[in-house]
Amino acid sequence: VFGHFSLRSEWQLVKVDYKSIFSRRCTKEDYQTWHLLNQGEPCVMGERKIFKKRKPGVQCSLGRDSSGTVVSEPCVCADWDFECDYGYERRGESQCVPAFWYNPASPSKDCSLGQSYLNSTGYRRIVSNNCTDGLREKYTAKAQMCPGKAPRGLHVVTTDGRLVAEQGHNATFIILMEEGDLQRTNIQLDFGDGIAVSYANFSPIEEGIKHVYKSAGIFQVTAYAENNLGSDTAVLFLHVVCPVEHVHLRVPFVAIRNKEVNVSAVVWPSQLGTLTYFWWFGNSTKPLITLDSSISFTFLAEGTNTITVQVAAGNALIQDTKDIAVHEYFQSQLLSFSPNLDYHNPDIPEWRLDIGNVIKRALVKVTSVPEDQILVAVFPGLPTSAELFILPPKNLTERRKGNEGDLEQIVEMLFNALNQNLVQFELKPGVQVIVYVTQLTLAPLVDSSAGHSSSAMLMLLSVVFVGLAVFLIYKFKRKIPWINIYAQVQHDKEQEMIGSVSQSENAPKITLSDFTEPEELLDKELDTRVIGMYAGCAELLWPLSSNRRPQCIGLL
């Protein structure tokens, strides 16, 4: 009984009443027996208890050694003293049956061949229940020998459940098996990078297997479990990444409308197969996603377009953006500079952009060419070089031929200024840089029409064919002696014809040693002039081997 009295007067009243009421100790005559029943059943939690309590109206105090229990004895076990064991559920009033997910015939994974285990009957005695005999033997788990089982349900996972690991850091793998003999099953784990480990049983790998990957990539981690009854395999694909620090987007400065443009991203440090690339072209709201660091794209409209690439590596995400000018056609020319520019080249993008603008202003100042028709792009690296792009005017008319003619005039003006060393700029006080033309030949006018491409291809094939013919004539005329003989005697007029094949038998026999070098044949005076043309063939003796037949060669 719990109580609290807040007023002193009440507490004094209670104190007085306590002394008057509980002034004597209780005796046996002050008690009566009391049976604890559960809905009329005397057995509660497998035990029957009889208590003693004071009779109604008796006023006495209990001693410190007073006990309220008179009789306590166990009851015979009945159905209500048991509940369904793990993996079982009750159906009806008293029957426990296996749940749909539980296999009662499967022993524990710790059960090794030759050992025994307790196989549940589906029932277990309720905790703190003290019943004996009765149904206890029937519902008690029975000891059975551990059967040998093949490994089944093998799994390999990482400790944190992630499929990404960092290069140079520990990756911890855990191997799980649903069924099988843990103590008699051999385990092998192949990390996919040429390294594998083996264990005789599961005991040493309960806390995980650690491994450090020295390179980035996607690795196939394979776990293999085997005993004398069978085997099982599990596979995990692990992405090992290295923190990405920088990405550089490579795009051409100028592109042709309706022509494919190749774009690539260079990532440092380089990684293979572990990066995802997101590409945005122009005003697109949805990216193109690739696993390759390069992509091709076709721009359908002229103007300045923006290309953005984002590179995802694990939890890191970096990006780079570049602008590309798209036109119907253009011309370009490589530029070089006086050597003093190299001494001041820090090789950073901002410096290259500023130098390109300075060169552009210098060209506009010297030639008065519209600024929007000139684009100068400085290349990275040393020696410093750049490319000059001559672009068509923005207000293109339907007569493209006229625009192309105007472009040729602009090209001529720019070339004259560059060849005369008129394009100069002051990098800083005392440092004057001169801009030169690297090559005298312009890049061909790029056009999207099929007519220009066909004409250029036909001209190129003609030049190649003529060059090949000249090469063959020059090459083989120096290796065939009688061509030189014919060239020597061609100036003599034909006076005699030896017409029949039979007359060729009287022709002199010539051996290989009698032939001199083709150059010497022109200088020597022939003993016998060849006046006519041989219509037959002369036998030439080739003393290369004794068993080789003479060959017949006709002189034209």
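The values are calculated or read from the model by the stated rules, or taken from the named source; none is laboratory data. Predicted model only: the values in this text are computed from it and were never measured. All Cβ positions, even for glycine, are placed from backbone atoms using ideal geometry, and neighbour counts span all protein chains on display. To get the accessible areas, we keep the full protein, side chains included, count just its heavy atoms, and leave off ligands, DNA and RNA. Shrake-Rupley method; radii C 1.70, N 1.55, O 1.52, S 1.80 Å.
Some values worked out for this structure:
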read-out	value
Residue selected from the stretch 115-132 under the condition touching a residue at least 12 places away in the same chain (Cβ under 8 Å) and of a type outside the set (S, T, N, Q), by the criterion most open to solvent (accessible area, probe 1.4 Å)	Leu118
Leading residue by the ranking (modelled with the highest pLDDT) among those in the stretch 184-194 that are more than 15 Å from Leu236 (Cα to Cα) and open to solvent by 60 Å² or more (accessible area, probe 1.4 Å)	Gly194
Residues of the stretch 169-183 that turn out to be part of a loop (DSSP other than H, G, I, E, B), open to solvent by 50 Å² or more (accessible area, probe 1.4 Å) and closer than 26 Å to Trp101 by Cα, as a count	0
The one condition in (1) open to solvent by 30 Å² or more (accessible area, probe 1.4 Å); (2) in contact (Cβ under 8 Å) with a residue 40 or more places away in the chain; (3) assigned to a strand (DSSP E or B) that Val266 fails to fulfil	(2)
Cβ pairs under 7 Å, 6+ apart, first in the stretch 133-161 and on the phi < 0 side of the Ramachandran plot, second of a type in the set (S, T, N, Q) and open to solvent by 50 Å² or more (accessible area, probe 1.4 Å)	Ala143/Ser116; Gln144/Ser116; Met145/Ser116; Cys146/Gln115; Cys146/Ser116; Pro151/Ser231; Leu154/Thr233
The stretch 339-361 residues that are at positive phi, paired with ones that are modelled with pLDDT under 90 (beta carbon under 9 Å, 6 or more apart)	Asp347/Pro380; Asp347/Gly381; Asp347/Leu382
Residue selected from the stretch 343-365 under the condition closer than 21 Å to Asp320 by Cβ, part of a helix (DSSP H, G or I) and of a type outside the set (D, E, K, R), by the criterion most open to solvent (accessible area, probe 1.4 Å)	Leu353
Count of residues meeting criterion [out of contact with any Asp or Glu (no Cβ under 6 Å at 6 or more places or on another chain) and open to solvent by 30 Å² or more (accessible area, probe 1.4 Å)] in the stretch 217-241	12
Within the stretch 26-51, considering residues that are within 16 Å of Leu62 (Cβ to Cβ) and not β-branched (Val, Ile, Thr), the one surrounded by the fewest Cβ atoms within 10 Å (Cβ to Cβ)	Lys28
Long-range neighbours under 9 Å by Cβ, at least six apart or interchain, first residue part of a loop (DSSP other than H, G, I, E, B) within the stretch 426-438, second open to solvent by less than 80 Å² (accessible area, probe 1.4 Å) and of a type in the set (S, T, N, Q)	Thr438/Gln333; Thr438/Ser336; Thr438/Ser385
Those residues of the stretch 303-322 which are open to solvent by less than 20 Å² (accessible area, probe 1.4 Å) and closer than 17 Å to Ser270 by Cβ, in sequence order	Val309, Val311, Ala313
The stretch 323-342, residues that are in a strand (DSSP E or B) and surrounded by fewer than 13 Cβ atoms within 10 Å (Cβ to Cβ)	Asp323
Residue in the stretch 201-221 that is modelled with pLDDT under 90, at positive phi and assigned to a loop (DSSP other than H, G, I, E, B) present	yes
Among residues of the stretch 87-114, those that are free of Cβ contacts under 8 Å to residues at least 60 places away in the same chain and open to solvent by 90 Å² or more (accessible area, probe 1.4 Å), counted	6
Breaking point among (1) in contact with a Ser or Thr (Cβ under 6 Å, 6 or more places away or on another chain); (2) within 16 Å of Phe219 (Cα to Cα), for Leu163	(1)
Residue list for the stretch 66-86, filter: in contact (Cβ under 8 Å) with a residue 40 or more places away in the chain and of a type in the set (S, T, N, Q)	Ser66
Flag if Gly57 is open to solvent by less than 80 Å² (accessible area, probe 1.4 Å), assigned to a loop (DSSP other than H, G, I, E, B), modelled with pLDDT under 90 and within 30 Å of Ile175 (Cβ to Cβ)	no
Filter result for the condition that a residue is at pLDDT below 85 and closer than 30 Å to Val76 by Cα, over Leu37, Leu7	Leu37
Where a residue in the stretch 274-301 is open to solvent by 40 Å² or more (accessible area, probe 1.4 Å) and its partner, wherever it lies, is of a type in the set (Asp, Glu) and at pLDDT 90 or above, with Cβ under 6 Å and at least six apart	Ser296/Glu260; Thr298/Glu260
